[in-house]
Every structure is written in C-alpha cells, then in structure tokens.
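Input: a single structure, listed below in structure tokens.
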C-alpha cells in the first residue's frame with residue numbers, strides 16, 4: 001500500500017525516545033487514519049487505536065479509559081514501549097486538558113507510552129494544542145494529496161489531477177462523473193461543513209457559510225472584495241462575518257482567502273481576498289462540464305490550472321514559515337507571492353485562460369525587493385515540472 005512522504009518521519013519520531021505528542025491534523029479523507037494504521041503495523045511495541053468518531057457518545061472519561069488500556073497493555077508486555085492512537089479527538093470537549101494531565105503523569109513516571117493524535121478539523125485541533133499542550137507536541141500537517149502522490153499511487157497524469165483533484169477515496173469513481181460529483185458533495189463537502197464546522201464552532205448564519213463556500217468554488221482563482229461577496233450572496237451579513245467564515249472554511253481544509261501582499265499585517269488584513277479551493281475537486285464537482293468539455297474550454301481550464309497552482313502552494317507550505325499571498329495594483333496582478341522573512345518570490349501563472357488584469361511582476365518589483373521572479377506554464381516552468389516540485393524550494 002502507498003505510503004505518504006512523511007510516513008518515515010512520523011515512524012521515526014514514534015520509535016525514538018519519547019519526548020512529544022505527535023499530532024496529525026488535516027481535512028477529511030486525506031489519509032490520516034490509513035497513515036496511523038500503517039504506523040501501527042511497523043511500530044515495534046504494543047499499539048492501541050480508538051476513534052471518537054464512533055456512534056456512541058464520547059467524553060473525557062473515554063480518553064482516560066483508552067489511556068489506561070494502553071498503560072495496562074505495556075505493563076504486561078516485555079517491551080516497555082507502547083503507542084496509543086486517538087482519532088477524531090476534536091469531537092471531545094475539553095480533550096486537551098485531559099491529554100495534558102495524562103501525558104504529564106506518564107512523563108513524571110517515565111512511562112514509554114507514545115501518543116499519536118488525529119483530527120479532521122485542523123483549526124479546532126490547533127486551538128486545543130495551543131491552549132493546554134504548549135511545549136508538549138509536534139505537528140505534521142496532513143494536506144490534500146499532491147499530483148506526485150496521485151501519480152505514484154494511482155498512475156494519474158497531470159490533466160486528470162487538475163480536474164479531479166487529490167482525493168484517493170474518489171479514484172474509483174472518476175469513470176462515472178455524476179457518481180463522483182455526488183461523492184464529493186455528499187461525503188466530503190457536506191460532511192465537512194456539517195460535522196467539522198457547524199457542529200464544532202458557533203456559526204450564527206450557517207446558510208451564509210454554505211453559500212460562501214459555493215461562491216468560493218465558483219470564483220476560485222479570482223480576487224473578490226467582501227462587498228462584492230455580500231452582493232452576490234444577498235445576505236444581511238457583514239464583511240467581518242465573511243472574513244471569519246472564510247477562516248473557518250480554511251481551517252476545515254476547503255477554501256482559503258489569500259490576502260494581498262502589502263508589507264504590513266494591518267494592510268493585509270483589510271485587503272480583498274483571492275479565493276482558492278484547497279482541492280480542485282471542490283471546484284470541478286460543481287461545474288456543468290465533463291472532463292473533456294472543461295479541457296476544451298480555454299477560460300475554464302485556465303481557472304482550473306490557476307486554482308490548482310494556488311492550492312499546491314498553500315498545501316505545500318503548510319506548517320512552514322512560508323506565507324502565500326497575491327498582489328494587485330494599477331490593473332496589474334502578481335498571481336502568487338511567497339514570503340519568508342525578507343525573501344519574496346513573485347509567481348505568474350500562464351495557463352492560456354483569459355486574464356482580467358495584466359502581469360504585474362515588474363510593477364511589484366518596483367515597490368518591493370523581490371528575491372525570485374518565476375513564470376509557471378508556457379515559456380516558463382512547465383506545469384508538470386511545477387507540480388512535481390516541493391513549493392518550499394521556490395524560495
């Protein structure tokens with residue numbers, strides 16, 4: 001069975017001397033549970049897996065029960081090492097306080113119980129970690145599958161990846177587009193919004209959040225002001241609410257609103273966002289076009305390509321100190337800007353789609369000190385070569 005690139009890193013962390021909790025946080029159907037079971041197969045000691053996603057009601061006592069089971073498991077084993085895997089941990093209110101208490105107990109008693117925590121709502125998992133478990137954990141972001149992974153695991157070519165996105169669970173459905181689209185909507189989008197956002201976080205206008213997601217899919221790869229969003233959504237919300245809901249959708253691994261690069265954080269926060277789906281399946285499942293029809297539509301295919309490039313940059317830099325932006329001014333646009341410290345990489349995507357603004361790398365370079373200027377697509381880095389790259393290498 002295919003193993004994702006960070007499998008070896010995680011296995012090494014869980015088999016060396018116990019120091020930190022290991023956390024896998026990422027969107028649904030990105031392979032966290034499969035990865036955990038692969039780790040369990042190769043872990044040299046005893047293992048115990050439990051999921052809070054089962055139908056029965058779970059609470060803090062459940063965590064203590066699973067932890068005590070794991071402690072008993074290693075106490076009766078000749079190997080003092082053990083691995084406890086807790087899946088969908090964010091579903092239990094106050095989980096991080098209990099985990100901190102039990103982890104500190106084991107640390108004081110020098111008990112070699114490794115713990116792997118999995119969560120499908122990165123925003124909520126991170127909140128619990130930073131509230132109670134500071135200094136006790138390491139995180140591996142589990143993002144949507146990349147082109148290289150879909151190619152290596154399933155033999156996909158680039159065009160198939162661009163249209164169908166990176167969902168391994170949907171691979172067998174792509175021969176029947178209607179069935180594939182229903183799976184994306186019902187099993188992934190609806191489940192994520194209903195269970196990972198609406199049930200876990202206070203959302204005063206759930207209908208607005210759902211329509212905002214649909215709007216983000218329709219306008220993926222484009223800059224859209226919050227005022228224009230409100231006009232499109234025809235809702236009595238406000239820009240602050242929309243910005244908050246975009247953060248929730250990003251935290252669930254659905255859509256991100258990239259801010260405009262402006263040098264200062266306050267100016268970035270007030271900018272119109274560039275909407276990018278984090279998996280192209282969200283965008284294309286809503287299109288009234290088949291794969292062949294989309295491929296023949298230059299404008300649509302250009303948007304698909306730019307969305308995929310943006311998603312690859314965001315997913316590929318998750319968990320690093322690299323930030324992804326865009327820039328626009330004077331009817332000029334830089335499609336994407338990567339920032340790390342004082343380093344800036346300006347990226348233009350040439351996909352063949354019709355542009356509403358002119359390339360703006362030269363104008364951007366007059367205002368900011370640019371380290372690298374890159375062209376992706378025609379006469380630049382070939383698309384297939386770009387999608388094989390680790391985006392961190394672009395800095």
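The values are calculated or read from the model by the stated rules, or taken from the named source; none is laboratory data. What you see is a predicted model; the values in this text were computed from it and never measured. Every residue, glycine as well, gets a Cβ built from its backbone with ideal geometry; the counts of neighbours run over all protein chains shown.
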- request: Kindly indicate which of 216, 221, 263, 253 is part of a loop (DSSP other than H, G, I, E, B), in contact (Cβ under 8 Å) with a residue 40 or more places away in the chain and closer than 11 Å to residue 273 by Cα.
  value: 221
query: When you scan the range 27-37, how many residues do you find that are touching a helix residue (DSSP H, G or I) at 6+ places or on another chain (Cβ under 6 Å) and at negative phi?
result: 1
task: Please state which one of 256, 184, 189 is surrounded by 20 or more Cβ atoms within 10 Å (Cβ to Cβ) and touching a strand residue (DSSP E or B) at 6+ places or on another chain (Cβ under 7 Å).
output: 256
- prompt: Listed residues 147, 154, 137; which is surrounded by fewer than 18 Cβ atoms within 10 Å (Cβ to Cβ) and touching a helix residue (DSSP H, G or I) at 6+ places or on another chain (Cβ under 7 Å)?
  reply: 154
- prompt: Do we have any residue at all in the range 275-297 that's under 25 Å from residue 390 (Cβ atoms) and surrounded by fewer than 19 Cβ atoms within 10 Å (Cβ to Cβ)?
  reply: no
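Yes/no per residue for (1) in a loop (DSSP other than H, G, I, E, B); (2) at positive phi; (3) in contact with a strand residue (DSSP E or B) (Cβ under 6 Å, 6 or more places away or on another chain):
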| site | (1), (2), (3) |
| --- | --- |
| 286 | yes, no, no |
| 294 | no, no, no |
| 310 | no, no, yes |
| 313 | no, no, yes |
| 327 | no, no, yes |
| 369 | yes, no, no |
| 374 | no, no, yes |
| 379 | yes, yes, no |
| 385 | no, no, no |
field: Within the range 17-61, considering residues that are over 27 Å from residue 282 (Cα atoms), out of contact with any strand residue (DSSP E or B) (no Cβ under 8 Å at 6 or more places or on another chain) and surrounded by 17 or more Cβ atoms within 10 Å (Cβ to Cβ), the one modelled with the highest pLDDT
entry: 38
message: Scan the range 76-89 and tell me whether some residue there is surrounded by 21 or more Cβ atoms within 10 Å (Cβ to Cβ) and modelled with pLDDT under 90.
response: yes
message: Name the single residue that is farthest from residue 368 (Cα to Cα) among those in the range 238-249 being without any contact (Cβ under 8 Å) to a residue 60 or more places away in the chain and surrounded by fewer than 19 Cβ atoms within 10 Å (Cβ to Cβ).
response: 238
- prompt: Taking residue 335, is it free of Cβ contacts under 8 Å to residues at least 24 places away in the same chain and within 24 Å of the chain's Cα centre (by Cα)?
  reply: no
query: Any residue at all in the range 194-207 that is touching a helix residue (DSSP H, G or I) at 6+ places or on another chain (Cβ under 9 Å), assigned to a helix (DSSP H, G or I) and crowded, with 18+ Cβ neighbours inside 10 Å?
result: yes
